[in-house]
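To start, the structure itself, in structure tokens.
The values are calculated or read from the model by the stated rules, or taken from the named source; none is laboratory data. What you are looking at is a predicted structure, and each value in this text was computed from that prediction instead of being measured. A quick note on method: Cβ atoms are made from the backbone with ideal geometry, for glycine too, and the neighbour counts reach across all protein chains shown.
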Amino acid sequence: MLDNCEHLIGACAKTADAIVRHCPRVHLVATSREPLGIGGETIYRVPPLSLPPPGDGGLPAPGSSDAVALFAERAKEQGVGLVLDEETGPLMVSICTRLDGLPLAIELAAARLRSLSVGALHDRLDQRFRLLTGGSRTALGRQQTLEATVDWSYSLLNDAEQQLLRRLSVFAGSFDLDAAEAVCGFGDIEALEVTGLLGSLVDKSLAVAEPMGGALRYRLLETIRQFAAERLAEACANEAAAVAAAHSEHFLAVAEAAAPHLAGRDQGRWFTRLDIEQANLRRAADNAVGRSDGTTRVLRFGAALRLYWMTRSRNEEALSLLVPVLERPDARTEPGPFGEALVTAAALAQFHDMAAARQLGEQAVEFARQQRDDQLLCDSLMILSSTYYFAGEPERGFPLAEEAVQHARRLGDDLLLGGSLMVYLVFADRIGPARCGQLLAEAIACTERSGDRFAACLLHNNAGNHALSAGDIPSARAHLEQAAQAMQEIGLKSHFVSTNLAWVLRQEGDPDGAQARFEEGLRVSRRNGERSGLAYASLGLACLTADAGDWYRAGQLHGIAQVLLDRTGESWQEPEARYRQDSLSKVRSTLGEQQFERAYAQGQALSVDQALDLALGTARSA
């Protein structure tokens, strides 16, 4: 056996080659950060310890994670008895995941439990190199701290490899070779050199190459990335700034290349591509925010990623990025990106803050009129019209929807016409049933020609909702099932179709099916932060609970639903407003005024988490 060959790789390679050539019955096992590169060598890459599946935030099943098992075992050896319960389990999983399943890092982390709680250790892992020290006194010096271990491997790299590793720390998550060349290939490293240097880092176990969709993607383990980022900051402030700027520029180009395809027939494939780059897109936009010349770049991100953010429920994240930048003095320097980003912000705000959505929408319409930009005006009118509708002011929204349709017809754009007709049809009670049928057929034809499955989903969902209001349950189901199919095709996860289907199931006399759908809508809304979805799903569970005769809990849930909706600035829409009123009347008359007010007030007094836990628990018990 030859151990730790990496620090004498050439001599070890020559020795091993001589032995296997002259002694054919001898077998060698060599441990090394990189292959020896000789004939007859079979490479086995030792993986990190196994981790629970991504996204699994609960308790790991026994035996499912070697990393968690090692952490618990080493903690026990330190005299700390960790109980794997609902509180500590997710923290242990997160610690082991953030430490990449590296055994030494996990052992050093467990040793820290002598003086830190699991929660405190978890919260301090961003400072892991200062925190994870104090290994065994009998271990080699490079194994007594996490930083010394990584520094040992770093010191074995040549200058170009060290420089590339430092630059690669700018990436969040994985990246492809094109990105590595575009972001890191400048100055002392030519773009053509990146391939060889990156391959060398993979061979030396400082970068990971993983197949994905027929291509290779690369990533740094988070521990390596943090180490490299610290070395980049220490090496040269100008280089760090140049790498961040190159990263931002590259992923803006990725976003803008995807933008024209996000509303067409291939939108599902392009959404998936952006899903892969999501972490880098967010970091690139954040990098742009911090630059003195980054205002227009951030606005261009906003213009390009609007549909992606909407389909992936990244509304709050996007608003926190865009709104402060829209308020900068230099934001209007380039009218195109400013106007499009303003409309994006107005559209996203509808999901969280109707007052902000109204303010942004009014600004967008005014700006579009000033610029005499009919396409931007049509887009802005759609957003502001629907904002007024959901805020309980349909009389203000209706003429704007009419104007949007007129502009879209004149422009001859299927995307704009389909979208404007979809908004216009929200005002069905003002249009009339016969005319609505014609407009719906026209809107569906527009979306079929454009291939926009996101628009088709929204359109069929709204049509299903109107059919539900009219009492046409078979038609409502047909439209909502088409909406659900479109959602699946583009990977959209939101509450509205599930919640509307739940109302259909309730009307069809299937309370169990309705309950499952309302619970699904509540969980998705909770995960995505969709406040309106929380309110409507909670209302559905309140009505089901009343249907089951659990009157007091139904009163609590009605209180929960109302306070959740109040936080959005919206008003109840049909048919939910009617369902709510009917259910409230039954609960009030059964409980009596005093009991009802007590239950209703108790529901309203709960925190959001308490309210949602009660809603799900009550639904199950009902």
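Only one entry in 192, 168, 157 is out of contact with any Pro (no Cβ under 6 Å at 6 or more places or on another chain), buried (at least 19 other Cβ atoms within 10 Å of the Cβ) and of a type outside the set (D, E, K, R), namely 168.
Selection of the stretch 288-327 for residues being touching a Leu at 6+ places or on another chain (Cβ under 6 Å) and small (Gly, Ala, Ser) yields 302, 318. Number of residues in the stretch 332-349 that are under 21 Å from the mean Cα position of the chain (by Cα) and not hydrophobic (A, V, I, L, M, F, W, C): the value is 1. Within the stretch 226-237, the set of residues being surrounded by 14 or more Cβ atoms within 10 Å (Cβ to Cβ) and aliphatic (A, V, I, L, M) comprises 228, 229, 232, 235. Here the condition is being among the aliphatic types (A, V, I, L, M), within 24 Å of residue 315 (Cβ to Cβ) and either buried (at least 19 other Cβ atoms within 10 Å of the Cβ) or outside the structural domain of residue 313 (by TED's automatic domain parsing) (or both); of 444, 490, 473, it holds for 490 alone. Scanning the stretch 573-604 for residues that are modelled with pLDDT under 90 and more than 14 Å from residue 561 (Cβ to Cβ) returns a single hit, 574.
Checked against the criterion of being surrounded by fewer than 19 Cβ atoms within 10 Å (Cβ to Cβ), over 18 Å from the mean Cα position of the chain (by Cα) and part of a helix (DSSP H, G or I), the stretch 537-548 has at least one qualifying residue. Per the conditions (1) more than 27 Å from the chain's Cα centre (by Cα); (2) over 26 Å from residue 249 (Cβ atoms), the sole criterion not satisfied by residue 352 is (1). Taken over the stretch 512-536, the criterion of being over 13 Å from residue 498 (Cα atoms) and either touching a Lys or Arg at 6+ places or on another chain (Cβ under 9 Å) or buried (at least 23 other Cβ atoms within 10 Å of the Cβ) (or both) is satisfied by 527, 528, 530, 531, 532, 535.
Checking every residue in the stretch 323-343 against the condition of being at pLDDT below 90, closer than 25 Å to residue 566 by Cα, touching an Asp or Glu at 6+ places or on another chain (Cβ under 8 Å) and hydrophobic (A, V, I, L, M, F, W, C) gives zero matches.
Read through the list (1) of a type in the set (Asp, Glu); (2) crowded, with 19+ Cβ neighbours inside 10 Å; (3) at pLDDT 90 or above, then give the number of the only condition that residue 353 fails. Result: residue 353 passes all but (3). The set of residues from the stretch 486-519 being touching a residue at least 24 places away in the same chain (Cβ under 8 Å) and among the charged types (D, E, K, R) comprises 489, 493, 506, 508, 519. Scanning the stretch 1-45 for residues that are within 22 Å of residue 154 (Cα to Cα), in a loop (DSSP other than H, G, I, E, B) and free of Cβ contacts under 8 Å to residues at least 60 places away in the same chain returns 3, 4, 31, 32, 36, 37, 43, 44. Answer with yes or no whether residue 279 is out of contact with any Gly (no Cβ under 9 Å at 6 or more places or on another chain), in a helix (DSSP H, G or I), in contact (Cβ under 8 Å) with a residue 40 or more places away in the chain and not charged (D, E, K, R). Here the answer is no, as residue 279 does not meet what is asked. From the list 358, 372, 332, the one residue that fits, being touching a helix residue (DSSP H, G or I) at 6+ places or on another chain (Cβ under 7 Å), assigned by TED's automatic domain parsing to the domain that holds residue 269 and surrounded by fewer than 18 Cβ atoms within 10 Å (Cβ to Cβ), is 332. Screening 240, 207, 245 for residues that are buried (at least 17 other Cβ atoms within 10 Å of the Cβ), closer than 26 Å to residue 157 by Cα and free of Cβ contacts under 8 Å to residues at least 40 places away in the same chain leaves exactly one candidate, 240.
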